[in-house]
1. Can you check what the net charge comes to around THR274, using other residues whose Cβ is under 12 Å from the Cβ of THR274 (Lys, Arg +1; Asp, Glu -1)?
2. Using alpha carbon coordinates only, what is the Rg to Rh ratio of the chain, with Rh defined as the Kirkwood radius?
3. Which of LEU210, LEU148, LEU95 ends up with the largest GNM mean-square fluctuation for the chain, with Cα atoms connected below 10 Å?
4. Mind checking which of THR275, THR212, SER233 is farthest towards the positive end of region 192-304's charge dipole, using Cβ charges of +1 (Lys, Arg) and -1 (Asp, Glu) about the Cα centre?
5. Summing +1 for each Lys or Arg and -1 for each Asp or Glu, what net charge is found among the other residues whose Cβ lies under 12 Å from the Cβ of VAL144?
6. Output the 0 to 90 degree angle, nearest 10, between the alpha-carbon long axis of helix 132-144 and the longest principal axis computed from the alpha carbons of the chain.
7. Could you put ASP235, ASP179 in order, starting from the residue whose Cβ has the fewest other Cβ atoms within 10 Å?
8. So how do 259-271, 6-18 stack up, highest first, on mean other-Cβ count within 10 Å?
Amino acid sequence: MKKYDYLIVGAGLYGAVFAHEMNKKGYKCLVIEKRNHIGGNIYTEVVHDIHVHKYGAHIFHTSDEAIWTYINQFGSFNHFINSPLANYKGELYNLPFNMNTFYQIWGESDPNKVKVIIEKQRSEIKGEPKNLEEQAISLVGRDVYEKLIKGYTEKQWGRKCTELPAFIIKRLPVRFTFDNNYFSDRYQGIPEEGYTAIIDKMLENIPVQLDTDYLSRKDYFDSLANQVVYTGSIDAYFDYVHGPLEYRSVRFETEVLECDNYQGNAVVNYTDKTTPYTRIIEHKHFNFGTQKKTVISREYSEEWTTKKEPYYPINNDKNNQVYKRYLDKANELEHAIFAGRLGDYKYYNMDQIISLALQKVIELTE
Ligand code: UDP
């Protein structure tokens, strides 16, 4: 008899939901985490009474009522609606692409006339869009693409828009109404007490070992539990035998400022090519903060190397083929389950992660 039913590698959102649900069903779980804190990349820490999103902005949004009810058990969410601004060479535009943006670009306030402009511009794309550039032009036309998409995307991904998959830009809504809500989901908000408090509550009564690197003592940890749920990078698990998968990493330059309001909005994207960072986050605005000081983070996108944290899988054809080879190996292992953004090598949102963890628990227990 092994000591635990499940060893969960990674105390991020997937690991925490999985452990919580299994623990509730009476299964013995141990969570191990290589960082010195829980929460993975949704971790928030308090700085001058402000919840700082240490690994980048996380805005919870979902259209699934069950997921919204689920997450609200662990903490209350405020009514924050994400409405980022784009700064292109000092000019401000609203995002996502909507009538405010189109008015700012073309001075046209009639949705039907805007549609005619876009229709004309998109006619340069023949057939199905083959990459992000074609997809973007076919959604909003070349003018919007050049000012608000090209520079930002090439900085964020470190690749030409013609070399990136089209699906990335389909994450953003395009609207012919004056509506700056970045998401079209029914439910949206930020936890009042921060994401760390949510994860902490999920992991209540479950043993968690921080500063613990699974891969360096895999055999030992495997001997502790009947099954392993691994939420780290799949290529690292197999010691990169098929070569490393590519990821984008992010570096934050965080500053405390002696003013109460730096940019008047939680998120401002810098969409030109020359500004070295992709966006500036002013954390207090996620919680409508009224503190005397403010904390801002400039976000720099970087290519991942083994010494950095992987954030975004780069799901182009080349990487997806390499991933497939790792997946075949993963499927051969009976004792291990691969999950989460890194385990599945997929650009998941938080609500998808919760849904996948809940489904997996059902699959394993019913
Ligand atoms: N994007 C853009 N301009 C912007 C914001 C986003 O071109 O001002 C594109 C870019 O390609 C980005 C994608 O839309 O990778 C998805 O953006 P999202 O905000 O969903 O990215 P995340 O918040 O996950 O970094």
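Every number in this text was worked out from the coordinates using simple rules, so none of it is lab data. Only a predicted model underlies this, so the values are computations on that prediction, with no experimental measurement involved. Virtual Cβ from ideal backbone geometry, glycine too; neighbours counted across all protein chains shown.
1. So the surrounding residues net to +1.
2. Taking Rh as the inverse mean 1/r over Cα pairs, Rg/Rh reads 0.98.
3. Highest fluctuation of the listed residues: LEU210.
4. THR275
5. Computed value for this residue: +2.
6. 30
7. If I rank by nearby Cβ atoms, fewest first, I get ASP179, ASP235.
8. Ranking the peptides 259-271, 6-18 by packing returns 6-18, 259-271.
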